[in-house]
Amino acid sequence: MEELFYRTELKKDEQGYFLRVPDNFVEMLEFKEKEIIGVIIKKSEKISIPIELLDVYRKHMPELKDLSNEDWSLILDMNNREKVSEKDEQEILSEFEKTFGEELVGKYKKFKEFLQKVNKEELKKDLESANK
């Protein structure tokens with residue numbers, strides 16, 4: 001059985017606490033309303049990329065230097081998710097849009113454009129150096 005991971009906010013109403021499951025996850029896993037599903041819950045740590053690594057990306061992609069650290073962290077997380085996904089790019093971007101919003105996906109698309117233009121050997125060397 002396929003599993004998906006996502007972060008969500010714990011909410012409360014008059015009947016107790018609840019978690020929202022995004023529609024696209026329900027569709028992907030083919031859940032039906034009132035179906036009994038398994039849930040594992042745990043505290044989710046905020047995605048955090050060391051500043052030294054973010055500075056390397058800013059150096060190599062000056063057009064994106066104004067992105068916040070959080071946007072950079074999410075964009076790099078999205079890039080990693082896309083690399084391991086078996087879905088086509090349009091389907092992945094659609095899922096990202098539902099999860100992260102249209103604005104962040106626009107920034108991610110710009111990141112991917114600039115990633116094509118970057119000297120990958122220099123980027124890799126600088127990332128390795130910053131990671132020490």
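Points to keep in mind about this one:
- Between helix 120-130 and the chain: long-axis angle, C-alpha atoms, 0 to 90°, nearest 10: 80
- Multiplying the residue separation of Tyr17 and Ser85 by 0.36 nm and subtracting their alpha-carbon distance yields 21.3 nm.
- The chain: most fluctuating residue of Asn69, Asn79, Asn119 per GNM, C-alpha cutoff 10 Å: Asn119
- Length-normalised contact order of the range 51-130 in % [C-alpha pairs under 8 Å, at least 6 apart]: 46
- Per-residue Karplus couplings for the range 85-99, computed as 6.51 cos²θ - 1.76 cosθ + 1.60 with θ equal to phi - 60°, are listed in order as 7, 9, 7, 6, 4, 5, 5, 5, 4, 5, 5, 4, 4, 5, 7 Hz, Gly and Pro entered as x.
- The helix-only estimate of mean residue ellipticity at 222 nm for the chain, built from DSSP H runs of length n ≥ 4 each weighted as -39500 (n - 2.57), is -16500 deg cm²/dmol after division by the residue total.
- Residues of the range 72-116 with an amide N closer than 18 Å to a point placed 7 Å from the Cα of Thr8 along the Cα-to-Cβ direction: 95-101.
- In terms of its C-alpha gyration tensor, the range 79-119 has an oblate overall shape, because the principal axis ratio a/c (a ≥ b ≥ c, square roots of the eigenvalues) is not below 1.5 and a/b does not outweigh b/c.
Since every read-out is calculated from the coordinates, none of them should be taken as a lab result. Since this is a predicted model, take the numbers as computed values, not measurements. Positions of Cβ are backbone-derived with ideal geometry, glycine not excepted, and every protein chain shown enters the neighbour counts.
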